[in-house]
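The values are calculated or read from the model by the stated rules, or taken from the named source; none is laboratory data. Bear in mind the structure is a predicted one, so any value in this text is a computation, not a measurement. Ideal geometry is used to build each Cβ from the backbone, glycine not excepted, and the neighbour counts take in all protein chains shown. Each accessible area value is taken on the protein alone, full model and side chains, heavy atoms only, with ligands, DNA and RNA left out. Shrake-Rupley method; radii C 1.70, N 1.55, O 1.52, S 1.80 Å.
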Amino acid sequence: MKNYDNVVIFDHPLIRHKIAILRDKNTSMKEFRELVEEITTLMTYETLKEGVPTTEIQVETPLEVCTQQVVKDNAIAIVPILRAGLGMVNGIHVLFPSARVGHIGMYRDEETFEPKSYYCKLPEGIEDKLVLVVDPMLATGGSACDAIALLKSRGCKHIKFMAIIGAPEGVSKVAEAHPDVGIYVSTLDRCLNEHAYILPGLGDAGDRLFGTK
Ligand code: PRP
Ligand code: URA
């Protein structure tokens, strides 16, 4: 894959360790859900190294008053792409419990793999927030591209996209379609199979999170 200025692949040993367990077909639904949350928290720490709206406050320590930077109130919104993105929300809420959540519903057409949008409900004032769009799987990139385009059409200007596993095709597609959006991927897999599933991947993230198969 080409290098893109707006793409970060974490490849962190702690995250790699957790992804190895996530991939295992024998990992239970409970453990899968917990791992998705933990990985998301680790990813958020890195993703928010830059671009977080902060403000200064005065703090009185036992010794003196000092000026400190804190994250602005209500500055961050989380937007999971349904269904599987839902599994990542708590991993961010652990760090920002008051972050508002918007939902974008998308499913892939089984034959064309094109995303179909079926739901969108966003928090008021989202256009002024840093929006973290989350989906564990970035396969062809169609769902992520359309979700980001929808958010831009609603006025969002500061968007970051987080995926746990990315395929090179999908990462390139989103990076090129949305060069102004930071794309944060924990690990880059080899390719897509003929059903547009990521290889080696982890199978269907939604089914593994919610036990639907
Ligand atoms: C999965 C996944 C992404 C999408 C990725 O969702 O959670 O949203 O596929 O594929 P793409 O990059 O090729 O668009 P799916 O459509 O299976 O819906 P689900 O989460 O409801 O199972
Ligand atoms: N969606 C998934 O859940 N898994 C894939 O490998 C591709 C799309």
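Residues in segment 163-179 that are hydrophobic (A, V, I, L, M, F, W, C) and surrounded by 16 or more Cβ atoms within 10 Å (Cβ to Cβ): Ala163, Ile164, Ile165, Ala167, Val171, Val174, Ala175. Each residue in segment 131-144 was checked for being open to solvent by 10 Å² or more (accessible area, probe 1.4 Å) and more than 15 Å from Asp189 (Cα to Cα), and 2 pass. Do we have Leu202 as more than 14 Å from the chain's Cα centre (by Cα), within 10 Å of ligand 1 (Cβ to nearest atom) and closer than 14 Å to Asp135 by Cα here? No, not satisfied. Residues of segment 162-172 include none that is more than 8 Å from ligand 1 (Cβ to nearest atom) and at positive phi. Of the residues that sit in segment 180-211 and are of a type outside the set (A, V, I, L, M) and more than 24 Å from Ile92 (Cα to Cα), which one is surrounded by the most Cβ atoms within 10 Å (Cβ to Cβ)? By that ranking, first place goes to Tyr197.
Among the numbered conditions (1) surrounded by fewer than 17 Cβ atoms within 10 Å (Cβ to Cβ); (2) touching a residue at least 24 places away in the same chain (Cβ under 8 Å); (3) farther than 29 Å from His17 by Cα, the only one that Ala147 does not meet is (1). Restricting Ser172, Ser143 to those that are over 16 Å from Thr47 (Cα atoms), of a type in the set (Ser, Thr, Tyr) and within 13 Å of ligand 2 (Cβ to nearest atom) reduces the list to Ser143. Among the residues of segment 10-24, are any surrounded by 15 or more Cβ atoms within 10 Å (Cβ to Cβ), within 16 Å of ligand 2 (Cβ to nearest atom) and free of Cβ contacts under 8 Å to residues at least 60 places away in the same chain? Among the residues of segment 10-24, not one is surrounded by 15 or more Cβ atoms within 10 Å (Cβ to Cβ), within 16 Å of ligand 2 (Cβ to nearest atom) and free of Cβ contacts under 8 Å to residues at least 60 places away in the same chain, which makes the answer no.
Applying a threshold of 8 Å to beta carbon distances and a minimum spacing of six or more residues, or different chains, the list of pairs starting in segment 193-213 at a residue that is more than 16 Å from Arg23 (Cβ to Cβ) and ending at one that is within 9 Å of ligand 1 (Cβ to nearest atom) and not aromatic (Phe, Trp, Tyr) reads Ala196/Arg108; Ala196/Ala139; Ala196/Thr140; Phe210/Arg83; Thr212/Gly206; Lys213/Asp204; Lys213/Asp207.
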